[in-house]
Amino acid sequence: MNPLDALAGFVLGKLKQAMVSQWVKLIFELSFSAQVSFLFVCGTALLATRSVVIGCGSGMVMSALCMTVLFRRSPLTKGMIVVLPAAEAEKEMSAQFQTIERK
């Protein structure tokens, strides 16, 4: 039995574990941002217009924009190809997003 095999297995296991935790973190960031933005925009639109359709639609658009911003900024998704409608890119450019990073 080669002792370097055990060391290599340990190092590779730690690298794989770190990669999985980064993906889990990205999924949490995406879902949290999407839910909070949906609820805030939907609730605001419901109060302003009293229209469920406008509220839900506005929340969905904002949720999609927030998820796209996070996807584009993540180093894990670098080099991935995604297809987005042109209207999404226009909305994202015109929206003022605030990013918060806790340490």
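Read-outs: derived from the displayed coordinates by stated rules, not from any lab. As the structure is a computational prediction, the values presented were derived from the model and not from experiment. Positions of Cβ are backbone-derived with ideal geometry, glycine not excepted, and every protein chain shown enters the neighbour counts.
What the table shows:
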| item | result |
| --- | --- |
| Debye, to nearest 20: dipole size of region 3-94, +1 on Lys, Arg Cβ, -1 on Asp, Glu Cβ | 140 debye |
| Span-like helix ranges in the chain, DSSP H, alpha carbon extent 30 angstrom or more, Kyte mean at least 0.0 | 3-49, 52-73 |
| Label-to-label distance, nm, for residues given as Met19 and Met60 (7 Å Cα→Cβ offset) | 3.5 nm |
| Positive dipole terminus of region 3-94, leading residue within Gly57, Leu46, Trp23 (C-beta point charges) | Trp23 |
